[in-house]
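Trainee: Structure incoming, see below.
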Amino acid sequence: PSSPRRVAAMRHQDERDATVRWASVAGATGYNLRFGIRPDRLTLTHQIWADELGSGPLLQKELRSLNVGVPYWVAVEAFNETGVSRLSRPVRMR
């Protein structure tokens, strides 16, 4: 599948939580949210099946596992039965 676009992430008032948004990818079976404390070290992954997210041009998922006071970066990749897309451009969680 193609690489997800329009990735954005916003931390909540409780910094342990954040919402990640991205544009849906046609034909994607699911998505991997890859995140970490540096844009070149996205070592944590949250996998989501596309049918868990509903439908629409924009998708979103809450992450509820972050450390307070630590900056995080996130990128998204789509997958289906043919393979995994390229990783989107990493964005900082604000």
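Derivation of every value follows stated rules applied to the coordinates shown; laboratory data play no part. Quantities reported herein were computed from a predicted structural model and do not represent experimental measurements. FYI the Cβ positions are ideal-geometry reconstructions off the backbone, even for glycines, and counts take in every protein chain you see.
Trainee: For the chain, what does the convex hull of the Cα positions come to per residue, in cubic angstrom?
Mentor: Dividing the Cα hull volume of the chain by its residues yields 86 Å³.
Trainee: If I take every Cα pair under 8 Å that is 6 or more residues apart in the range 20-94, average their sequence separation and divide by the length, what percent do I get for the relative contact order?
Mentor: 37 percent
Trainee: I want the local charge near ALA18. Using Cβ-Cβ distances under 13 Å, sum +1 for each Lys or Arg and -1 for each Asp or Glu among the other residues.
Mentor: +3
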